[in-house]
1. Tell me the net charge near Val107. Cut-off is 12 Å between Cβ atoms, Val107 excluded, with +1 for each Lys or Arg and -1 for each Asp or Glu.
2. Need the full-extension length gain, Glu76 to Lys92, defined as separation in residues times 0.36 nm minus the C-alpha distance. One decimal, nm.
3. Taking loop as defined by DSSP and a crowding limit of 11 other beta carbons within 10 Å, which chymotrypsin sites (Phe, Trp or Tyr not before Pro) in the stretch 339-402 fit?
4. Rg and Dmax of the stretch 48-129, using alpha carbons, in Å: what are they?
5. If the reach is capped at under 27 angstrom between alpha carbons, list the lysines near Lys380, excluding any in the same chain fewer than eight residues apart.
6. Let me check against my output: what whole-number percent is the relative contact order of the chain, with C-alpha pairs under 8 Å and at least 6 apart?
7. Suppose each label sits 7 Å from its Cα in the direction of the beta carbon; what would the Glu132-Gln10 distance come out to in nanometres?
8. Which residue, Gly44, Gly166, Gly19, tops the fluctuation ranking in a GNM of the chain built on C-alpha contacts under 10 Å?
Amino acid sequence: GVDLGKLLAQTGLVTLDPGFVNTAACTSDITYIDGDAGILRYRGYPIEQLAEKSNFIEVSYLLIYGELPTQQQYEEFAERIRRHTLLHEDLKQFFDGFPRDAHPMPVLSSAVSALSTFYQDSLNPFDQNQVELSTVRLLAKLPTIAAYAYKKSVGQPFLYPDNSLGLVENFLRMTFGFPAEPYEVDPALTRALDLLFILHADHEQNCSTSTVRMVGSSEANLFASISAGINALFGPLHGGANSAVLEMLEGIHSGGDDVDAFVNRVKNKEPGVRLMGFGHRVYKNYDPRAAIIKKTADEVLSKLNANDPLLEIALKLEEKALADDYFIERKLYPNVDFYTGLIYKAMGFPTKFFTVLFALGRLPGWIAHWREMLEDPARKISRPRQVYTGSPERAYTPIGQR
Ligand code: ACO
């Protein structure tokens, strides 16, 4: 019953913690990370078990509702999502307003923000039915929005969702299919993308999730909060890293495959040169998701017959970095993004689209956190303090005297 925050505030004490490195902003029952041991669990279940045995819809249910679904709960949930995949026809027009070379992330966040205007019957954060409806709408519609953003960028016609298909199959068909042609969804591809979505589904208080919670703490609706999260994910130090890794590998390849020279540039801290896909605020050990993905990358690339020279470079970079004092001292290991770009590329996605795939995977985590935040009896609007370092009081000078 003691409100620690209030007690501290009464003392007038303010802690300065740039980047919130040591500051917890909430309690949470959703995801457990032990960064030193390289452990990740959703609702108590190890990520390795979920990756092997579960699927993305089931993991979404687990994250949002706290328990694995029964067979009946699973089917009802999947069926509800299936029924909501269509976008309002007017929302479809929305995509025409963007330039063709628009990056798909701001297209995604804008369209999600626009859901608040199209689905006004599911905006009340305190009406349980409306929260359920907005939850299902987002899970169902984000893949359709993402596929339309892709189609727009390549100048191809949109495909309506085919609700006889599962969520991931439907997304692949809407992205790579054509209206007049049948599209055979490759089960290996579907399974690999489903697995990547599971691995991205939540990661506790990362930048985008904290953003969703912060925006939601003002009692903004779910669509508005998720749209903000998508914008946070856009940055290259967060979700944009998967595209940045591929750009880095391509740069090394076109420069003559000189991995040693690149690592030296990183170690010399040349401005703007980092080993992308390495390092993590929380993991000071091998990111458990990277370990699963590394296995998958090899499998998927050989199944898709993709003999990518960039994989060779990635493997060499990893080997070199893991044996180098610079990276050892700083506890820099491959993170989730180091290998995902190579898989996405082999699947046929353009580099610009990788972060959209991250957003599709992270969505259930964002929703789970937004809901947990609103149900928290200790909930307060997010409002950090600051330590003022500006000018002391001074008198205004008229413009002609400056
Ligand atoms: N390459 C080279 N040096 C690095 C890297 C890297 N990828 N990451 C960190 N370092 C160095 C820093 O220069 C710093 O060195 P110093 O102590 O000599 O100054 C030290 O390691 C600590 O780094 P910080 O930037 O202070 O660590 P922070 O926790 O703030 O950053 C981050 C974490 C942003 C992920 C960082 O490691 C990074 O920029 N990595 C590359 C981008 C990336 O892969 N992001 C994806 C993150 S995972 C995700 O969003 C799914």
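Every number here is computed from the coordinates shown, using simple stated rules; none is lab data. Please read these numbers as outputs of a predicted model, since none were measured by experiment. Cβ coordinates were reconstructed from backbone atoms using ideal geometry, including for glycine residues, and neighbour counts include every protein chain displayed.
1. Spelling it out: positives minus negatives among the neighbours equals +2.
2. Extending this stretch completely gives an extra 3.0 nm.
3. Passing both the DSSP loop test and the Cβ count: Tyr388, Tyr396.
4. Computed over the Cα atoms of the stretch 48-129, radius of gyration and Dmax are 16.6, 45 Å.
5. Cα-Cα hits under 27 Å: Lys6.
6. 23 percent
7. The two pseudo-label positions are separated by 4.2 nm.
8. Between Gly44, Gly166, Gly19, it is Gly19 that shows the largest mean-square fluctuation.
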